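FYI, it's all coordinate maths here, none of it is from the lab. Keep in mind the model is a prediction, meaning the values are calculated, not measured. Glycine gets a Cβ as well: all are built from the backbone with ideal geometry, and neighbour counts include every protein chain shown.
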Amino acid sequence: MAKSLAFFQGKIVPIEQAKVSVMTHALHYGTGVFEGIRGNWNAGRDTMYVFRMREHYDRLLQGCRMLMLDIPYSVDDLCTITEDLIKASGIQQDVYIRPLAYKSEELVANLKLHEVASDFTLIIVPFGDYIESDGAISCCTSSWRRMDDTIIPPRVKISGHYVNSILAKTEAVLAGFDEAIMLNQDGGVSEGTGENLFMVSGGKLHTPLVAENNLVGITRDCAWTLATKELGMEVVERTIRRSELYLADEVFLTGTAAHITPVGSVDSRPVGEGGVGPVTAKLRAIYAQAVRGNHDDYMHWCHPVSVEPA
Ligand code: PMP
């Protein structure tokens, strides 16, 4: 039986013991930075492939710098902690790995980052599909605008800024759509609520600039690399207007949880033929091999962890 464990206050403990006080700064103010990393189980090799783990921890530590979260771990330490927790848990299936650095001080009415204690915790949970759909999903343009870098820096995963994503996702799902696409204040396309966005048009791949208030997505980088190397496509980073999505040949979203997800409609208008377009289908298939350690050219993206059942 796999065990539910957490890394908490410097050691691995049963998940029930990983508890914080109601006084915790991060609980009140969203002063945390997290990551979402996938561990993909390869049953043929009895190995968990942790996908692009170093890049996720690089981004976590960038977020820590922004929020003055002082945690005593390097990227190497965080990778070792993750590997140790996976092995100790004995989970032999796909997992979601959730590291969280947070302001742990038990104080209320303290609106600053400096001289406020920080801590780091890590949990691992079994995880399947994030967006359940074999085909293409339906998206709407959210009435909630993507928050700007002048409000909360969106390029890293700051806990508090997920209120913006959650408002947009909730609105979309309650209105019958699968996902929301958020625009910036000036109407430029930013991203999904937990995914970056790409559009196929004129034989090229187009994606909004990071300066359009996107998270600097790791799957975005994978899709970009695969499109260039495997499909010989040019990738253009530029401002995209909402109406361009209606006229695109294909639109897809990228994210650790969402993988490469085809978008079949935007605001009830079919994108292209309304199904899974050919570029998206090819990228999705190569990406699915790469994340599970089944593509020789992309093994450097996979960190292998051999797991004995607990
Ligand atoms: N944008 C947002 C807002 C996200 O939460 C995520 C998921 N981490 C992404 C984009 C995609 O990033 P990544 O590919 O690094 O998971």
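Step through the table entries K19/K103; K169/K229; K87/K169; K19/K157; K169/K204, compare each Cα-Cα distance with 26 Å, and write down the pairs that go over it. With Cα atoms farther than 26 Å apart: K169/K229; K87/K169; K169/K204.
About its Cα centre, the chain has a charge dipole of approximately 180 debye under the convention of +1 per Lys or Arg Cβ and -1 per Asp or Glu Cβ, with nothing else charged. Among D119, D94, D148, D76, the ranking by other beta carbons within 10 Å of each residue's beta carbon, starting with the fewest, stands as D76, D148, D94, D119.
Under the simplified labelling scheme, the R65-A43 pair shows an inter-label distance of 4.3 nm, with each label point 7 Å from Cα along Cα→Cβ. Note: relative contact order over the chain, using C-alpha pairs below 8 Å and six or more positions apart, is 21 percent. I want the local charge near K19. Using Cβ-Cβ distances under 15 Å, sum +1 for each Lys or Arg and -1 for each Asp or Glu among the other residues. After counting each charged neighbour, the total is -2. Charging the Cβ of each Asp and Glu at -1 and of each Lys and Arg at +1, and nothing else, the dipole of the stretch 5-126 about its Cα centre rounds to 240 debye. Altogether, the Stokes-Einstein calculation at 10 °C and 1.306 mPa s, with the Kirkwood radius of the stretch 137-291 over Cα pairs as Rh, returns a diffusion coefficient of 104 µm²/s. Residue-wise HN-Hα couplings along the stretch 91-106, as the Karplus relation 6.51 cos²θ - 1.76 cosθ + 1.60 with θ = phi - 60° gives them from phi, are 7, 10, 7, 4, 10, 10, 10, 10, x, 9, 9, 8, 6, 9, 4, 9 Hz; Gly and Pro carry x. Positive end of the dipole of the chain (Cβ unit charges, origin at the Cα centre): among S159, W41, I240, the Cα lying farthest that way belongs to S159.
If R0 equals 25 Å, the separation of the Cβ atoms of S268 and R238 corresponds to a calculated FRET efficiency of about 0.45. Across the stretch 5-126, Cα-Cα distances exceeding 26 Å account for 22% of all pairs. For the stretch 276-286, 3J(HN,Hα) computed residue by residue from phi via the Karplus equation (6.51, -1.76, 1.60; θ = phi - 60°) reads 8, x, x, 5, 4, 4, 5, 4, 5, 5, 5 Hz, glycine and proline entered as x. By the Kirkwood approach, averaging reciprocal distances over each pair of separate Cα atoms, the stretch 125-203 gets a hydrodynamic radius of 13.7 Å.
For the chain, excluding the exposed loop sites themselves (trypsin sites (Lys or Arg not before Pro), DSSP loop, at most 11 other Cβ atoms within 10 Å), the longest remaining stretch covers 113-237.
Once Rh is set to the Kirkwood radius over Cα pairs, what Stokes-Einstein translational diffusion coefficient, in µm²/s, holds for the chain at a temperature of 25 °C and a viscosity of 0.890 mPa s? Once the numbers are plugged in, D ends up at 121 µm²/s. The calculated 222 nm mean residue ellipticity attributable to helices in the chain amounts to -8000 deg cm²/dmol, summing -39500 (n - 2.57) over DSSP H runs of n ≥ 4 and dividing by all residues.
About its Cα centre, the dipole of the stretch 137-291 is roughly 160 debye, where the only charges are +1 on Lys and Arg Cβ and -1 on Asp and Glu Cβ. When the chain is described by a simple charge dipole with +1 on each Lys and Arg Cβ and -1 on each Asp and Glu Cβ, the residue from G277, L197, S118 located farthest towards its positive end is S118.
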